[in-house]
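Visitor: Let me give you the structure first, and then I'll get to my questions.
The values are calculated or read from the model by the stated rules, or taken from the named source; none is laboratory data. Keep in mind that what you see is a predicted model, and the values were worked out from it rather than measured. No Cβ is skipped: glycine too gets one built from the backbone with ideal geometry, and neighbour counts run over all protein chains shown. These accessible areas exclude ligands, DNA and RNA; they are computed on the full protein's heavy atoms, side chains included. Shrake-Rupley method; radii C 1.70, N 1.55, O 1.52, S 1.80 Å.
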Amino acid sequence: MTARVGVVTFPGSLDDGDAARAVRIAGAEPVRLWHGDPDLRGVDAVVLPGGFSYGDYLRCGAIARFAPVMETLVDAARGGLPVLGICNGFQILCEAHLLPGALTRNQHLHFRNRDQVLRVEAVGTAWTNAFQSGQEILIPVKNGEGCYVADAATLDQLEAEGRVVARYVGGNPNGSQRDIAAITNPAGNVVGIMPHPEHAVEALTGPSLDGLGFFTSVLKHLVGAPA
Amino acid sequence: MPRVVVDVMLKPEILDPQGQAVANALPRLGVSDVASVRIGRRIEIDFTGEPDLDRAREIADKLLANPVIEDFTVRLVETDETAGAHP
Amino acid sequence: MPRVVVDVMLKPEILDPQGQAVANALPRLGVSDVASVRIGRRIEIDFTGEPDLDRAREIADKLLANPVIEDFTVRLVETDETAGAHP
Amino acid sequence: MTTHPDPAVRETPGGQPAVPAEPFAATVAPQAGPVDPAARPGEPVHPESSRPVPAADWAHGLDTVPRAAETPEELQPYAELGLRDDEYDRIRQILGRRPTQAELAMYSIMWSEHCSYKSSKVHLRQFGEKAPPSDRLLAGIGENAGVVQVSDELAVTFKVESHNHPSFVEPYQGAATGVGGIVRDILAMGARPVAVMDPLRFGAAEHPDTARVLPGVVAGVGGYGNCLGLPNIGGEVVFDPCYQGNPLVNALCLGVLRVDRLQKKEATGPGNVVVLMGARTGRDGIGGVSVLASATFDEGSEQRRPSVQVGDPFMEKLLIEACLELYDAELVVGIQDLGGAGLTCALTETAASAGTGMRVWLERVPLREASMEPQEILASESQERMLLVVAPDKLEAVLKTAEKWGVWATAIGEVTAPSPDGRPGRLVITWRDQLVVDVPPGSLVDDGPVYARPMREPADLILLQADRAETLPRPSTPEALRETVLRMIASPNLADKTWVTEQYDRYVLGNTVLAQPEDSGVIRIDERTGLGVALSLDGNGRYARLDPYHGTKLALAEAYRNVAVTGAKPIAVTNCLNFGSPEDPGVMWQFAEAVRGLADGCLELGIPVTGGNVSFYNQTGAAAIHPTPVVGVLGVLDDVASRVPMGFVPRTASDHDQLFLLGE
Ligand SMILES: Nc1ncnc2c1ncn2[C@@H]1O[C@H](COP(=O)(O)OP(=O)(O)O)[C@@H](O)[C@H]1O
């Protein structure tokens, strides 16, 4: 049976179609979820896509967090449902307190889009088990508010528990503390990542195919997961 | 030491999409008695010596506010009244 | 009618690149006596009825500020004191 | 010599038009939106003609049609609004009385250079006359944007437009709303916008004002385009002192549609409902019209300074999704974006193109500021709005869709029949029961002035042309050569543009096959078949200054080559003509030559101009910018996998590529 992976569309979501395409290319069935509908439609995992939900006004992700779908999703994530937040999705996960810390304005104050090398460090999560520990991958980064911040105790804890999923290599594009590009929750089912794996799944349109690993990981995870 | 606070707000006739987005979100938090929300910038300036209001006004005019679409006010505030001091 | 003003500032330990950019630009304007600049948000809330400080505090806590990185204060201001009213 | 247009004035029907009883007044506000006191539906409307004008309205200065008829000699600030004596006389002739304040504002906008193309029309005709026959062209010049069929099911639409002056005044918002405006043009054709490009020109790189304008413009283009989720696939950044004070901010949008989703702007079908959808209307970019139009009536008007348009890309994104859903459900009869001339342009163009009339209850327009007056509402350039024409039985479904996406949608009027004798209908607008506008819509859209402006080759041209490149000293020593190379590398015009292009999202939508720094952007438009299009925009003001005819041809040829080398077949052209004042015979000559060059070039290459935009008055005092025609070429690739990128592909050591130089 093919896994069903939900992709949530908020008003202002932009990479939702791309996330659904990546899910499809990875071999799963994308299921579109609507911000105003709390029903998760029985999906096996959920992607919160990139974009500017609610225009990113006030703070990125601040308003999206109160969408009806988020109420269900927060509970489901606490219960172990794999959730991947990409860019704006990462911001929403932090605002919803599923992940610690916050994403703030890039230090150089500009939106920046470039192809970025990352080092995958935590490969035990639901979304990164297809990678080798220490593997370097190339995927696009594009954000205006991607600078990850948290207090020192939180950062130390993330490091100690092996919850830094990926770091920027060869230049930090936004000033993120400790070059953090992606983190996970203690259970490893919720991952937030600033760069965009869904834009690196086809040779024709991306800088590599490295992004596909995130989507194949969750399929592998689901096969191994108890029903 | 008092600090200078510059408040920069969009002119009233200028569209404030941020404020509008927040106002539209409030009913979902169960808030229905808000008529309007406007969002601007609050800028806190600490001088090395005595705070200098005229100087601050000049900075605001040249750098902090965009006079085409924004208005600003400049005032002195005791430091313990400022937002940063209230955890 | 008085209006509620919520000031949201980054916590002191959080880096404020915008404030820093302004501080760095000041010497070029001939200003050398500014020690620091911090930039936050000023949010003006008009209620349909009586302004409700408790309600505003709740909105600020839930939505307007992110407690991980920001502090806020809530206060009542007479409308003619607000930035928008000063051309 | 300036020729005055032939004042072929239609007879004005006497008496008051029959005002139909109010059909319905429905508003939906965004689900979670605040209550808007100005959008109160369901108020009874009494035709103003049925009762005497209350004295109180006179005191308020509301200028109604009956009042205009009774006070023919009242002074009106038409000159301040940019209308000439003869143009004002013509309006009086058309109406058979003086215009009301609101009507005056409408004519001044619609007869402006910007909207009426009064100086360029006589030249632009060549694009149609010289265009090769094409069976691909589904919509051409005269529509919001040209539409070209690229497969049995799919068509693409593209257009480039300028937002030069607003971007000088307020670089961020000017550029942002420039992108927003062209995106709505594309949306109005029935297409999903899928990419943007931005040809930009600034003053000298080291000039202090460039440090204000350039970062703001780039942030604005990025801020709006990124937030809409449109990949930016190319553009230009050019520095030249001639653009100091007159930066050029042109924006192109590309859209894709199913052939059977092509939308029309015609307000057909009397009884159909006119719906305003999108943002509320505020005092944005009124350009002084309202203030001036009411100058003689209202002393307090100085406070209402004309204000800058502020864009809300989030609202536009919702508007796009809402419109596309309406097209798919076949819920609209006609649609038109609200651009430069706001409601005035949308109401008159949709009615005029169908020959119908329209009855509008202006107080139903949702307002941001309750104190706005009729002429302000009609002139407002508030962004993120569309005008829909909807069959009555579809109205509810339309309002539901708007509600789903959280945009305002309000029935503000209805389409009325042409007069029984076959003449087109009239546009009748009331404001709180008072008749404020009663005009033949065609008189604003089609019967504006047309000028054949005087033209003269600029006196300095001979001198400029005599100063030939061949006479410049050549580097003759290795040292001098090195010097030249370093100087060229250091030139801002040749420098790497990454600082700009990194601020744009090129990946969103996942169909970007080539983007900057490639010569052309390439977008896949059909994932199934690999069908795609290539787009390139080029212009060279310095060449055009030396020889506008050949300079324009060169721009066309460059864009054409850029598209061709990707492997695409060029099929259509768009253009944005940025010039100084048409009242300067030298500029007018440059313009005419440029248009002739482009039309001839397209004829030789066998591809049609499908649309474009003219921006005049890019000048400070007597100093005009270089004539700057920007030409865009679109090509088709049957399979984007076969595209040829410009870089050399790394090969294994034994397998070298060979290099050839083609041409002279
Ligand atoms: N330089 C040009 N070349 C070809 N067509 C042009 C040019 N300038 C304007 N047009 C056409 O004239 C019509 C009116 O232009 P414009 O007012 O910019 O359109 P809109 O009403 O969509 O804003 C459009 O169809 C446009 O394509």
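Visitor: Among (1) within 15 Å of the ligand (Cβ to nearest atom); (2) within 14 Å of chain A (Cβ to nearest Cβ), where does residue D:632 come up short?
Guide: (2)
Visitor: Do the conditions hold for residue D:570, that is, is it away from the ligand (no atom under 12 Å from the Cβ) and touching a residue at least 24 places away in the same chain (Cβ under 8 Å)?
Guide: On the way: away from the ligand (no atom under 12 Å from the Cβ): yes; touching a residue at least 24 places away in the same chain (Cβ under 8 Å): yes.
Yes; evaluated as a whole, the condition is true for this residue.
Visitor: In this structure, is residue B:29 farther than 30 Å from residue D:168 by Cα and more than 7 Å from every other protein chain (Cβ to nearest Cβ)? Working first, answer last.
Guide: Numbers: farther than 30 Å from residue D:168 by Cα: yes; more than 7 Å from every other protein chain (Cβ to nearest Cβ): no.
No, not satisfied.
Visitor: Which one is nearest to the other protein chains (Cβ to nearest Cβ), of the residues in region D:612-629 that are out of contact with any helix residue (DSSP H, G or I) (no Cβ under 7 Å at 6 or more places or on another chain) and within 10 Å of the ligand (Cβ to nearest atom)?
Guide: D:613
Visitor: Give the residues of region D:145-170 that are open to solvent by 10 Å² or more (accessible area, probe 1.4 Å), more than 15 Å from the ligand (Cβ to nearest atom) and assigned to a helix (DSSP H, G or I), sorted by residue number. Explain how you work it out, then say what you get.
Guide: In the first step, residues of region D:145-170 are kept if they are open to solvent by 10 Å² or more (accessible area, probe 1.4 Å); the result is D:149-154, D:159, D:161-163, D:165-166, D:168-170.
Adding the requirement that they be more than 15 Å from the ligand (Cβ to nearest atom) leaves D:149-154, D:168-170.
Within region D:145-170, D:168, D:169 qualify.
Visitor: Tell me yes or no: at least one residue of region D:584-594 is crowded, with 22+ Cβ neighbours inside 10 Å and over 19 Å from residue D:118 (Cα atoms).
Guide: no
Visitor: Select from region D:304-349 the residues that are more than 16 Å from the ligand (Cβ to nearest atom) and at positive phi and list them in ascending order.
Guide: Selection gives D:330 alone.
Visitor: Next question, about the same structure. What about residue D:195, is it modelled with pLDDT of 95 or more, small (Gly, Ala, Ser) and either open to solvent by less than 10 Å² (accessible area, probe 1.4 Å) or assigned to a helix (DSSP H, G or I) (or both)?
Guide: Working: modelled with pLDDT of 95 or more: yes; small (Gly, Ala, Ser): yes; either open to solvent by less than 10 Å² (accessible area, probe 1.4 Å) or assigned to a helix (DSSP H, G or I) (or both): yes.
The answer is yes for residue D:195.
Visitor: Would you confirm, using the coordinates I've provided, whether residue D:357 is at pLDDT 95 or above, open to solvent by less than 20 Å² (accessible area, probe 1.4 Å) and within 16 Å of the ligand (Cβ to nearest atom)?
Guide: Against the criterion (at pLDDT 95 or above, open to solvent by less than 20 Å² (accessible area, probe 1.4 Å) and within 16 Å of the ligand (Cβ to nearest atom)), residue D:357 does not qualify.
Visitor: Same structure again: Is at least one residue of region D:284-291 of a type in the set (Asp, Glu), outside any helix (DSSP H, G or I) and away from the ligand (no atom under 16 Å from the Cβ)?
Guide: Yes, some residue in region D:284-291 is of a type in the set (Asp, Glu), outside any helix (DSSP H, G or I) and away from the ligand (no atom under 16 Å from the Cβ).
Visitor: Considering each of D:192, D:98 in turn, give the residue that is at negative phi, more than 16 Å from the ligand (Cβ to nearest atom) and away from every other protein chain (no Cβ under 14 Å).
Guide: Exactly one residue qualifies, and that residue is D:98.
Visitor: If only one of A:116, A:107, A:132 is assigned to a loop (DSSP other than H, G, I, E, B) and within 14 Å of another protein chain (Cβ to nearest Cβ), which one is it?
Guide: From the options A:116, A:107, A:132, the qualifying one is A:107.
Visitor: Residue A:42 is checked against (1) within 9 Å of chain D (Cβ to nearest Cβ); (2) open to solvent by 30 Å² or more (accessible area, probe 1.4 Å); (3) small (Gly, Ala, Ser) and fails just one. What number does that condition carry?
Guide: Just one mismatch for residue A:42, condition (1).
Visitor: Hey, another quick one. Which condition number in (1) over 20 Å from residue D:128 (Cα atoms); (2) in contact with a Pro (Cβ under 8 Å, 6 or more places away or on another chain) is the one that residue D:567 fails?
Guide: (2)
Visitor: Could you tell me which of the residues D:119, D:134 is within 16 Å of the ligand (Cβ to nearest atom), part of a loop (DSSP other than H, G, I, E, B) and in contact with a Phe, Trp or Tyr (Cβ under 8 Å, 6 or more places away or on another chain)? If you could, list the steps in order and put the result at the bottom.
Guide: Numbers: D:134 fails: in contact with a Phe, Trp or Tyr (Cβ under 8 Å, 6 or more places away or on another chain).
Of D:119, D:134, the one residue that is within 16 Å of the ligand (Cβ to nearest atom), part of a loop (DSSP other than H, G, I, E, B) and in contact with a Phe, Trp or Tyr (Cβ under 8 Å, 6 or more places away or on another chain) is D:119.
Visitor: Right, here's the next one. Looking at region C:54-87, which of its residues are at pLDDT below 90 and in a helix (DSSP H, G or I)?
Guide: Initial filter on region C:54-87 (at pLDDT below 90): C:78-87.
C:79, C:80, C:81, C:83, C:84, C:85 - these are the residues of region C:54-87 that are at pLDDT below 90 and in a helix (DSSP H, G or I).
Visitor: Name the one entry in D:181, D:142 that is within 19 Å of residue D:339 (Cα to Cα), open to solvent by 40 Å² or more (accessible area, probe 1.4 Å) and within 13 Å of the ligand (Cβ to nearest atom). Reasoning before the result, please.
Guide: Working: D:181 fails: open to solvent by 40 Å² or more (accessible area, probe 1.4 Å).
Sole residue among the options that is within 19 Å of residue D:339 (Cα to Cα), open to solvent by 40 Å² or more (accessible area, probe 1.4 Å) and within 13 Å of the ligand (Cβ to nearest atom): D:142.
Visitor: Moving on to the next point. Looking at D:598, D:603 in this structure, which one is more than 13 Å from the ligand (Cβ to nearest atom), in a helix (DSSP H, G or I) and more than 14 Å from every other protein chain (Cβ to nearest Cβ)? If you could, list the steps in order and put the result at the bottom.
Guide: Working: D:598 fails: more than 13 Å from the ligand (Cβ to nearest atom).
Matching residue, one of D:598, D:603: D:603.
Visitor: Within region C:14-57, count every residue that is within 26 Å of residue B:63 (Cα to Cα), more than 17 Å from the chain's Cα centre (by Cα) and open to solvent by 60 Å² or more (accessible area, probe 1.4 Å).
Guide: 5
Visitor: On to the next question. Taking strands (runs of 3 or more DSSP E) that fall entirely within region D:438-542, which contain at least 3 residues that are out of contact with any Pro (no Cβ under 6 Å at 6 or more places or on another chain) and open to solvent by less than 50 Å² (accessible area, probe 1.4 Å)? Lay out the reasoning, then the answer.
Guide: Working: elements: D:512-514, D:521-524, D:532-538.
Qualifying strands (runs of 3 or more DSSP E): D:521-524, D:532-538.
Visitor: For region A:69-104, which positions are at the interface with chain C (Cβ under 9 Å from one of its Cβ atoms) and open to solvent by 40 Å² or more (accessible area, probe 1.4 Å)? If you could, list the steps in order and put the result at the bottom.
Guide: Filtering region A:69-104 for residues at the interface with chain C (Cβ under 9 Å from one of its Cβ atoms) gives A:94-95, A:97, A:100-102, A:104.
Result: A:97, single match.
Visitor: Among the residues of region A:82-104, count how many are under 14 Å from residue A:191 (Cβ atoms), in a helix (DSSP H, G or I) and not aliphatic (A, V, I, L, M).
Guide: Qualifying residue count, region A:82-104: 4.
Visitor: Kindly indicate whether any position in region B:39-52 is farther than 30 Å from residue A:54 by Cβ, part of a helix (DSSP H, G or I) and away from chain D (no Cβ under 14 Å).
Guide: Our first condition is that a residue be farther than 30 Å from residue A:54 by Cβ; within region B:39-52, this holds for B:45-52.
When the remaining residues are screened for being part of a helix (DSSP H, G or I), the result is none.
Within region B:39-52 (the criterion being farther than 30 Å from residue A:54 by Cβ, part of a helix (DSSP H, G or I) and away from chain D (no Cβ under 14 Å)), the answer is no, since none of the residues qualifies.
Visitor: Checking the condition in a helix (DSSP H, G or I), at pLDDT 95 or above and touching a Ser or Thr at 6+ places or on another chain (Cβ under 8 Å), which residue from A:213, A:188, A:192 passes? Show your work before the answer.
Guide: Working: A:188 fails: in a helix (DSSP H, G or I); A:192 fails: in a helix (DSSP H, G or I).
Just one listed residue meets the conditions, A:213.
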